[in-house]
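A.B. asks: One structure, as structure tokens, below. Some questions next.
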Amino acid sequence: MSPAPPAVLLAGGGTAGHVAPLLALADCLAGRDAATPILVLGTANGLEQRMVPDRGYALAVVPRVPMPRRPSADLLALPGRLRDAVRAAERAIDEVGADVVVGFGGYVSTPAYLAARRRGLPLVVHEQNSRPGLANRVGARFTRYVAVTFPGTPLPHSIRIGLPMRAEVAHLDRDALREKAREHFGLRPDLVTLLVYGGSQGAQRLNETFGRAAADLVGAGVQVLHASGEGKQVAPAGESSDVPYVVVPYLDRMDLAYAAADLVVGRAGAGTVCEVTAVGLPAAYVPLPIGNGEQALNARPVVNAGGGVLVDDAACSPAWVRSGLLPLLMDAPRRERMGHAASGFGVRDADERLADMVLAAAEGGS
């Protein structure tokens, strides 16, 4: 009789950046053995509240414990809140009978890491960004099983495995789906196609720039698929009946969007960089100019490998579209070289690599 698969508690929530790789790992573990007990630890009001049950997994809730950035009443309340969150994580461990705990960072992971340590359970940490967050800096101190997405991420004894992603993207055959994809979005089959994608929330800079530069693009025979973000408007100037400029609020079929595209312009969140490189697309990355600079760090290695170009947010203008982007769009051999370099940097089997690490941790103990 085969041994029972280990029970797994997966911790991560709040943003799609944490939830999406978590679900990709869950799918991989369940695909290997459908009898694997899996419980997801999340929050009551993050994206996981919808995404996790929709994917067929049970969700246990832990209270959010944000770290105050300055002295305040919240700082005084932190020990009690953290204690309550750790207890909630321990209840989740007991509920699933966890043999191993896997964390993806964010508010949810710190209590899970502390609970795993208190119970003596093996712990696996996955960091999505080049610059790790506080939770994963803490968690990495408790385990030798540390996985990172990008080279050079400063966590101890880390191994670069890439970012677990949805199977329809990880295993995408762009050539086979191109005609279907362009038809799906109302695009022509015979034109160079640009995908403008600012992430799930859209990007105002990209919306403004490409709305104003639309006439230059369609005038050069470049059709555009532009995801603006829910509730955000793009008014393409100089639209052409012959060359489509298609604006959608959200892309629920990213596999088809990538299959339709010849080049991508987008932000440089970990998910975008990893998906674009995995499918072998050249890209112009426009990192978000706020925060700790992690988006520029995410894009830098693939740009250095020749798979993309890096554009400052302030420089992303209609003038850049004319002088920098259009020549690239019209240069098929250069786009092909960049796509090949991107593919060489991308990782398609990160879910399998992380699943291997989880099973090794469960077998090897803490």
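A.B. asks: So how do VAL96, VAL321 line up by other beta-carbon neighbours within 10 Å, fewest first?
C.D. replies: On the way: VAL96 19, VAL321 22.
Ranking VAL96, VAL321 by Cβ neighbours within 10 Å, fewest first, gives VAL96, VAL321.
A.B. asks: Which whole number in µm²/s is D for the chain by Stokes-Einstein, with the Kirkwood Rh taken over Cα pairs at 37 °C and 0.692 mPa s?
C.D. replies: Estimated via Stokes-Einstein, D reaches 153 µm²/s.
A.B. asks: Arrange TYR107, TYR57 by Cβ neighbour counts within 10 Å, fewest through most, would you?
C.D. replies: Listed from fewest to most nearby Cβ atoms, that is TYR57, TYR107.
A.B. asks: May I ask you to derive the FRET efficiency for GLN204 and ARG87 from their Cβ-Cβ distance with R0 = 35 Å, giving the value to the nearest 0.05?
C.D. replies: About 0.25, to the nearest 0.05.
A.B. asks: Restricting the count to DSSP beta bridges whose residues both fall in the chain, what percent are antiparallel, rounded to a multiple of 5? Kindly include the intermediate steps, with their values, before the conclusion.
C.D. replies: Numbers: 0 of 42 bridges.
Around 0 percent antiparallel, to the nearest 5.
A.B. asks: Right, something else. Against the longest alpha carbon principal axis of the chain, how many degrees, from 0 to 90 and to the nearest 10, is the axis of helix 204-219 turned?
C.D. replies: Result, in degrees: 30.
A.B. asks: What Kirkwood hydrodynamic radius do you get for segment 256-366 when you take the inverse of the mean 1/r over all pairs of distinct Cα atoms, in Å?
C.D. replies: Value: 15.1 Å, from the Cα pair sum.
A.B. asks: A further question follows. Among SER130, SER317, rank each residue by its count of other Cβ atoms within 10 Å, from fewest to most, as a rough exposure measure.
C.D. replies: If I rank by nearby Cβ atoms, fewest first, I get SER317, SER130.
A.B. asks: May I ask you to derive the FRET efficiency for HIS157 and ALA332 from their Cβ-Cβ distance with R0 = 45 Å, giving the value to the nearest 0.05?
C.D. replies: Details: r = 43 Å, r/R0 = 0.96.
With R0 = 45 Å, the Cβ-Cβ based efficiency is 0.55.
A.B. asks: Quick one: check the C-alpha center-to-center distance for segment 304-345 versus segment 106-181, whole angstrom.
C.D. replies: Taking the Cα centre of segment 106-181 as reference, the centre of segment 304-345 is 28 Å away.
A.B. asks: While we're here: Would you mind estimating how fast segment 172-345 diffuses translationally, via Stokes-Einstein at 37 °C and 0.692 mPa s with the Kirkwood radius over Cα pairs, in µm²/s? Don't skip to the answer; put the middle values down first.
C.D. replies: On the way: Rh = 15.7 Å.
Once the numbers are plugged in, D ends up at 209 µm²/s.
Bear in mind that the values in this text are calculations on the coordinates, not laboratory data. The structure presented is a predicted model; accordingly, all values stated were derived computationally and were not measured. FYI the Cβ positions are ideal-geometry reconstructions off the backbone, even for glycines, and counts take in every protein chain you see.
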